[in-house]
1. Please count how many residues of the stretch C:210-223 are farther than 22 Å from C:Asp167 by Cβ and either without any contact (Cβ under 8 Å) to a residue 24 or more places away in the chain or not in a helix (DSSP H, G or I) (or both).
2. When you go through (1) assigned to a loop (DSSP other than H, G, I, E, B); (2) within 14 Å of chain C (Cβ to nearest Cβ) one by one for D:Phe124, which number turns out not to apply?
3. Restricting attention to the stretch C:20-45, which residues are assigned to a loop (DSSP other than H, G, I, E, B) and farther than 15 Å from C:Leu265 by Cβ?
4. Let me spell it out: the conditions are (1) more than 10 Å from every other protein chain (Cβ to nearest Cβ); (2) touching a residue at least 60 places away in the same chain (Cβ under 8 Å); (3) touching a Gly at 6+ places or on another chain (Cβ under 8 Å), and D:Asp188 meets all of them except one. Which number is the exception?
5. Determine which single condition B:Leu54 fails, assuming it passes every other condition in (1) buried (at least 20 other Cβ atoms within 10 Å of the Cβ); (2) free of Cβ contacts under 8 Å to residues at least 40 places away in the same chain; (3) part of a loop (DSSP other than H, G, I, E, B); (4) within 14 Å of another protein chain (Cβ to nearest Cβ).
6. On the given criteria, is C:Asp34 more than 22 Å from C:Ala83 (Cα to Cα), out of contact with any strand residue (DSSP E or B) (no Cβ under 8 Å at 6 or more places or on another chain), of a type outside the set (Phe, Trp, Tyr) and away from every other protein chain (no Cβ under 14 Å)?
7. Name the residues in the stretch D:170-185 that are on the phi < 0 side of the Ramachandran plot, facing another protein chain (nearest Cβ under 10 Å) and in contact with a strand residue (DSSP E or B) (Cβ under 8 Å, 6 or more places away or on another chain), would you?
8. Would you be able to tell me the number of residues in the stretch B:228-262 that are in a helix (DSSP H, G or I), within 14 Å of chain A (Cβ to nearest Cβ) and without any contact (Cβ under 8 Å) to a residue 60 or more places away in the chain?
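The values are calculated or read from the model by the stated rules, or taken from the named source; none is laboratory data. This one's a predicted model, so the numbers in the text were calculated from it and none came from an experiment. Every residue, glycine as well, gets a Cβ built from its backbone with ideal geometry; the counts of neighbours run over all protein chains shown.
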4 protein chains.
Amino acid sequence: MTVTRKLQGVFVPNLVPLDARGEIDEPELRRYVDWLIARGAYGLYPNGSTGEFLRFTAEERRRITTIIVDQVRGRVPILAGAAEANTRETIRACEYYSTLGVRAVAVVAPFYYKVSPNNVYAYFREIGRNSPIDVTLYNIPVFASPIDVATVQRLSQECEKIIGIKDSSGDLAHMMRMIEAVRPIRPDFSFLTGWDPALMSMLQLGCDGATLVTAGIAPELTRKIYELTTAGHFDEARRLQYRLLELFDTVMNSADFPEGVRNALRLRGIQTGFGRQPLADEARQHMAAFDEKLKSWLPVENQ
Amino acid sequence: MTVTRKLQGVFVPNLVPLDARGEIDEPELRRYVDWLIARGAYGLYPNGSTGEFLRFTAEERRRITTIIVDQVRGRVPILAGAAEANTRETIRACEYYSTLGVRAVAVVAPFYYKVSPNNVYAYFREIGRNSPIDVTLYNIPVFASPIDVATVQRLSQECEKIIGIKDSSGDLAHMMRMIEAVRPIRPDFSFLTGWDPALMSMLQLGCDGATLVTAGIAPELTRKIYELTTAGHFDEARRLQYRLLELFDTVMNSADFPEGVRNALRLRGIQTGFGRQPLADEARQHMAAFDEKLKSWLPVENQ
Amino acid sequence: MTVTRKLQGVFVPNLVPLDARGEIDEPELRRYVDWLIARGAYGLYPNGSTGEFLRFTAEERRRITTIIVDQVRGRVPILAGAAEANTRETIRACEYYSTLGVRAVAVVAPFYYKVSPNNVYAYFREIGRNSPIDVTLYNIPVFASPIDVATVQRLSQECEKIIGIKDSSGDLAHMMRMIEAVRPIRPDFSFLTGWDPALMSMLQLGCDGATLVTAGIAPELTRKIYELTTAGHFDEARRLQYRLLELFDTVMNSADFPEGVRNALRLRGIQTGFGRQPLADEARQHMAAFDEKLKSWLPVENQ
Amino acid sequence: MTVTRKLQGVFVPNLVPLDARGEIDEPELRRYVDWLIARGAYGLYPNGSTGEFLRFTAEERRRITTIIVDQVRGRVPILAGAAEANTRETIRACEYYSTLGVRAVAVVAPFYYKVSPNNVYAYFREIGRNSPIDVTLYNIPVFASPIDVATVQRLSQECEKIIGIKDSSGDLAHMMRMIEAVRPIRPDFSFLTGWDPALMSMLQLGCDGATLVTAGIAPELTRKIYELTTAGHFDEARRLQYRLLELFDTVMNSADFPEGVRNALRLRGIQTGFGRQPLADEARQHMAAFDEKLKSWLPVENQ
């Protein structure tokens, strides 16, 4: 049983297309979902950092997930970002997403405030005890309070509902320490990396999968690297991993995250619109300067 | 005219008492407002970092401000934290608070995501152009994207509605650079420090006032330091500034911010309840260990 | 006795003029010493960070101090930087400088390696116990292992030879905490700030003096601010403190520290030569672009 | 020709045993050299960070290298740390080591001072142009000014004498960017990682080798991981990489770096003595508490 439930493969932390008024563009979001699945996305992850969860209202976050669930119709598993204003609101979001039939929710550690490790533990313990649906921890120390190894170990021991972690630190040693500390006691616990440049290396070290910014732009490529690596074809996997880094660097250098993702997707034919964070003229020009490089890169993946 | 409108004195970034169920404790919040005004608060500042704006829903943030406005009844000016999920929601909050009759709103720079300076500028420009009410920038680089000197200067030049900045960096040089860059072109622009240990020094360097965590615990003391410093009584001001640092350090070391403020207020007789971020047992014990020190400190200020 | 011995006033962390071959330019160094004393330097501080102690050999460091002592001939006190490769070499340097008749030595905390607080304590304790001459601690956390408040307190209690600290952190709260912790038990202990933008504020909070980069360029100005502040003329002191910040920013922005100091001194007529760290062409051009601004600034101080 | 010259395998940044008076223990150093070679060290690297180059005098650094060269007698290549007080002294050290017949020198980027990228470039260019012996760049951003990708690319293009880089950042993406930028134009350029937890991953991504702290404690293990990985036996390599991380974490957590290495070596029978940085009593006790764990770990590698 456990084996079939484990989160695996490369999830897409999917971005939300917006229309000219800045509202959720539902038809394009539905088209984007199909586009991703057709190109090999293993799963979707609404309301993540790439999905700009913080720039939508609580109602919009629910609507985004509802649309995606409806469009996916069970073809791939969904990991729904459920972080809300406080523990109670987050648990309510877990309850709501549970009724939609998503595979699990993902909850980022407390952010803005710096919360110390034992209170990060207390936060997730309360969620883990009260959520009716499986929970994935989300560690992204550049944006939120870090989740340390001891915390992951305690939570995995005490909360059956907590079934995995997405770790975007990109720190190999940290991932290895977590795997070493948790896998013996919770073989079903899933380790997903959120750091694109380390996809191949993290899989080789024992990660179960990933949720990657670039998977939303080039799902064919991230799927290929996953398949090649898990099949032991490292030379070809390495070649593609270098290609992926190039895409990642180009997108990240083109604009404040995640506006560069929005732009790259436009070049692939998804009408993502402009994000809700206003862009200065200089920022727009800077971003446009990367279009040629991106265009020359992207078609190769389309072949 | 300008003189009477300028923000001055020490504002209280007021915390919100919660009841046993974690709901806003309206009677105690009203009592706390009166308590603060009776002890010398120059103004109130709901929905700041100390006010845990992020841990309330959008509806609760409006309710908190509404209660405070109603309780204050014009006795002191109110600076309402208006940061919402995105630019449009923030502008809507500005519109709403405008109808309540607050003095101005305060808007923190974009957080979670790292927004580069020119996009921070674009963000505030859009708010400055569309807000019906005066806007105060809020720079708190440990929690949010920094607002640099050039950005403050551009915004002060281009947006009349932007009338001041609360700067919690505690960086003397940064404050001086801002004053140097802005005061000649906008003499009405107000500079408020948000760094308690630097209150006296910042005032001596030309700041107009402050919004301080400790002002919510010992408003008598912060008022006294403000009065002594602006009157040129530096020896006595310095003595009290050292006392204030002691209180600040004790509160900040006792718990993750702002739970230590909640605890210190309990010792002064305000029933603040426990915050919405769960506390680990170790954290509660750690906090309790500071009670004696706080108690021995606080009565002195009550004399 | 103690009163007369206490370090006070603004010391100059003096730079070393180099000739065209990169060797110590002794005649110009002697001329610079006289120039500084004529313009109001309270004391000199060879082998500090501005003096690029690390870019000279151990022999050169001794020679620099010997030249300066000889040129000063007792007119002002000298604080000699004595940090060497290890504790024993540092103690030998203390012994050597002791024979020259300098007022005290200054020893930076261990650098390159990150040394934890209790080992920083062990390091200074060994020096404090074995030095035949008074020792000043030197805290500069951007370059070296930090010296925390508890360490300063323990050292001040246990080592009579340790008589002060130069703190370049620029952190007001840190300085206040040190003064609070040490002054009651060691009233003779001297607190010198090494952060130019905070000179006036640090003096007002109780510092005894400073050692400032800008004091090597405009000793008249730093002396004036010291005198005005200690005499209670704050309005004029503040005006000059803003001027000092402008000089500091211009120099620091013009080049990697301390090459900008070298350049500014050239504009004041001291033939400092070029430093031993090679400069890229772009760096030279960047530095030259600040010359006009510096020239327009410096003459005012010469009036 | 080029192929045979390329730096490959795992070098040992070897520590220097000290006697009871803190002097270089030459007999034990010689014994340690033989011990390392017997257990599989591919090469030695005196005067690195683990070798505490900064805590020896310039004369001692030369003596250390001379002893090692004499003891090695050509059995393995030697990479001699040559960073001295300034560019000219460093070039003189290059000249000296050149006469000893070492394979190459390694030069760390300027430290203490923060040197900007174009001046880091200027520094290494001057060394690259004047050194009579091959030079390896040494990037260790936690201790010294970082060497960025563009700098490595320019230097590899312009200076034939610069033949490789040791990079201790542990950043996979940074390593990949360097390899991508340099390998096409300089196939002979060698990339060595200095981050123990990433040994296997870095080799899989194309690194030529490593210089690792743990290689000085368990050279059998690092050699085995190198051999298994380059031979494509990843499952066994991964198992040992997890073992290596355990050793690395234990050593690094036991004391300020590199005193924990000294201690671990004592447990393997090398009389390393105590380092020149004094240790507080608490630090000694803390270190001793790791002995049991280390002893239980080390014998396995001795089997």
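1. Residues flagged as farther than 22 Å from C:Asp167 by Cβ and either without any contact (Cβ under 8 Å) to a residue 24 or more places away in the chain or not in a helix (DSSP H, G or I) (or both) within the stretch C:210-223 amount to 0.
2. All conditions pass for D:Phe124, except number (1).
3. C:Ala20, C:Arg21, C:Gly22, C:Glu23, C:Gly40, C:Tyr42, C:Tyr45
4. (3)
5. For B:Leu54, the exception is condition (3).
6. yes
7. Correct list: D:His174, D:Met175, D:Ile179.
8. 5
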